[in-house]
1. Assuming Ile54 fulfils every condition listed in (1) out of contact with any Phe, Trp or Tyr (no Cβ under 6 Å at 6 or more places or on another chain); (2) surrounded by 14 or more Cβ atoms within 10 Å (Cβ to Cβ); (3) among the hydrophobic types (A, V, I, L, M, F, W, C); (4) closer than 24 Å to Ser12 by Cβ apart from one, which condition is it?
2. Here is a list: Ser96, Ser67. Which entry is surrounded by fewer than 16 Cβ atoms within 10 Å (Cβ to Cβ) and either in a helix (DSSP H, G or I) or in contact with an Asp or Glu (Cβ under 8 Å, 6 or more places away or on another chain) (or both)?
3. Identify, please: which residue in the range 22-41 is under 27 Å from Glu85 (Cβ atoms), surrounded by fewer than 12 Cβ atoms within 10 Å (Cβ to Cβ) and not acidic (Asp, Glu) and is, among those, modelled with the highest pLDDT?
4. Given the residues Tyr44, Tyr14, which is the only one that is out of contact with any Phe, Trp or Tyr (no Cβ under 6 Å at 6 or more places or on another chain), aromatic (Phe, Trp, Tyr) and modelled with pLDDT of 95 or more?
5. Answer yes or no: is there a residue in the range 51-63 that is free of Cβ contacts under 8 Å to residues at least 60 places away in the same chain and assigned to a helix (DSSP H, G or I).
6. Report yes if Val45 is of a type in the set (A, V, I, L, M), assigned to a strand (DSSP E or B) and either on the phi > 0 side of the Ramachandran plot or surrounded by 18 or more Cβ atoms within 10 Å (Cβ to Cβ) (or both), otherwise no.
Amino acid sequence: MIDETFYEYLISRYKNLRNKGKIENADIVYEEGNPSCGDMIKIYVKLSEDKNVIEDVKFEGKGCTISQVSADILADMVKGKKIEEAKKLDKKEFISELGIELSPIRIKCALLAYKVFKMGAYGIKIDDEKI
């Protein structure tokens, strides 16, 4: 059960997503969805000229509040970091940043943006069990 304070935070953040949008000429673009619920996230990453630092991250998507807010939070977490550092973002660290306990059903919603970012950054397909 989600407590009322967190619910209000989720709705407020969902209504004011800071990183929603598209980056033209992005260095990394990757999209994937969660077929079980219909969530979809497309991540755009702009790297510095030397390709070492993440200058900007945007996302486009549709789906539940948790999937969209998670994408927004992920963008905030990796922006300004070296790409090699951002690739090492730990799943537990990411979930901790969300600040909620997730049911097994919601974990895939929350981790979709994480998975899409990792797949785009590494340029590989990652099984759900490995993230």
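The values are calculated or read from the model by the stated rules, or taken from the named source; none is laboratory data. Worth saying up front: this structure is predicted, and the values here are computed from it rather than measured. Here Cβ is always computed from backbone atoms with ideal geometry, including for glycine, and neighbour counts include all displayed protein chains.
1. So the condition that Ile54 fails would be (4).
2. Details: Ser67 fails: surrounded by fewer than 16 Cβ atoms within 10 Å (Cβ to Cβ).
Only one candidate passes the filter, namely Ser96.
3. Lys22
4. Values: Tyr14 fails: modelled with pLDDT of 95 or more.
Of Tyr44, Tyr14, the one residue that is out of contact with any Phe, Trp or Tyr (no Cβ under 6 Å at 6 or more places or on another chain), aromatic (Phe, Trp, Tyr) and modelled with pLDDT of 95 or more is Tyr44.
5. no
6. It is true that Val45 is of a type in the set (A, V, I, L, M), assigned to a strand (DSSP E or B) and either on the phi > 0 side of the Ramachandran plot or surrounded by 18 or more Cβ atoms within 10 Å (Cβ to Cβ) (or both).
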